[in-house]
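Participant: I have a structure I would like to understand better, so I am pasting it below and will then ask my questions one at a time.
The values are calculated or read from the model by the stated rules, or taken from the named source; none is laboratory data. Bear in mind the structure is a predicted one, so any value in this text is a computation, not a measurement. So basically every Cβ, Gly included, is an ideal-geometry build from the backbone, and we count neighbours across all protein chains shown.
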């Protein structure tokens, strides 16, 4: 019993640390710091090809929850973990190999992403696989609202990524204005999809680890959507002026 209690304490502390880290990242990004990959990549002594960087860094968020779902102690935990695994199956084995060659990912960005995905994979896998067993999971309407939001957010995210990939024809370089789907309303449509997806995950689960990840996601990629929006406005004189950054018609 002592081991069980101590691990739950560790999970709670790691969850709160994720929330605090998310707030710190948000403030840093809003003050002008940029995540130095993609269009913001800086010269580095060593970069990893984009496809392999994505595969390597996302892999822990797939493998660790798969380990925990095998011995999952509740049906509710199995369902929540299955949703998480489905997302990271796409992110690990499908999305990276759909990408066109880019600037590469700086090694320190890849390393920090591996650390985060290991941290988050353990949090979600360990808690939902071993300790999560809410008695009201199947009778709570929030469960099904969260499931619907998760599915909708994942669809928006995948569809938006597809639009971004289709902007360049073979052999083309540079950036273009994305059009179609949610991009008609916001510059960060792919980011919006992911924020909605993990907010739905948190509502479906109702757990602290899920909530921590949803908060970190919004704090991390919300400001990046704003940065992308400002970048588009400065780069393209004909960029749609009524398009917002991350919240349609608002922000």
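Participant: Of the residues 156, 94, 86, 145, only one is surrounded by fewer than 16 Cβ atoms within 10 Å (Cβ to Cβ) and within 20 Å of residue 189 (Cα to Cα); which?
Facilitator: So the residue among 156, 94, 86, 145 that is surrounded by fewer than 16 Cβ atoms within 10 Å (Cβ to Cβ) and within 20 Å of residue 189 (Cα to Cα) is 94.
Participant: May I pose another question? Return a yes/no flag: does region 177-197 have any residue that is at positive phi, out of contact with any helix residue (DSSP H, G or I) (no Cβ under 6 Å at 6 or more places or on another chain) and loosely packed, with under 14 Cβ neighbours inside 10 Å.
Facilitator: no
Participant: Kindly indicate whether any position in region 99-116 is more than 29 Å from residue 10 (Cβ to Cβ) and buried (at least 21 other Cβ atoms within 10 Å of the Cβ).
Facilitator: Yes, that holds for at least one residue.
Participant: Shifting gears a bit: Just to check your reading of the model, which residue among 129, 125, 104 is touching a helix residue (DSSP H, G or I) at 6+ places or on another chain (Cβ under 7 Å) and at positive phi?
Facilitator: 104
Participant: Then there is this: Could you tell me how many of the residues in region 53-83 are farther than 22 Å from residue 147 by Cα, surrounded by fewer than 19 Cβ atoms within 10 Å (Cβ to Cβ) and at pLDDT below 95?
Facilitator: The qualifying residues number 1.
Participant: Would you pick out the residues in region 79-88 that are in contact with a helix residue (DSSP H, G or I) (Cβ under 6 Å, 6 or more places away or on another chain) and without any contact (Cβ under 8 Å) to a residue 60 or more places away in the chain?
Facilitator: Within region 79-88, 81, 85, 88 qualify.
Participant: Within region 34-52, does at least one residue satisfy the condition of being in contact with a helix residue (DSSP H, G or I) (Cβ under 9 Å, 6 or more places away or on another chain), surrounded by fewer than 15 Cβ atoms within 10 Å (Cβ to Cβ) and at pLDDT 95 or above?
Facilitator: No: zero hits.
Participant: Just to check your reading of the model, which residue among 145, 64, 158 is in the same structural domain as residue 225 (by TED's automatic domain parsing), closer than 20 Å to residue 208 by Cβ and in contact with a helix residue (DSSP H, G or I) (Cβ under 8 Å, 6 or more places away or on another chain)?
Facilitator: Being in the same structural domain as residue 225 (by TED's automatic domain parsing), closer than 20 Å to residue 208 by Cβ and in contact with a helix residue (DSSP H, G or I) (Cβ under 8 Å, 6 or more places away or on another chain) holds for just one of 145, 64, 158, which is 145.
Participant: Next up: Only one of (1) more than 26 Å from residue 234 (Cα to Cα); (2) not assigned by TED's automatic domain parsing to the domain that holds residue 203 fails for residue 151. Which number is that?
Facilitator: Result: residue 151 passes all but (2).
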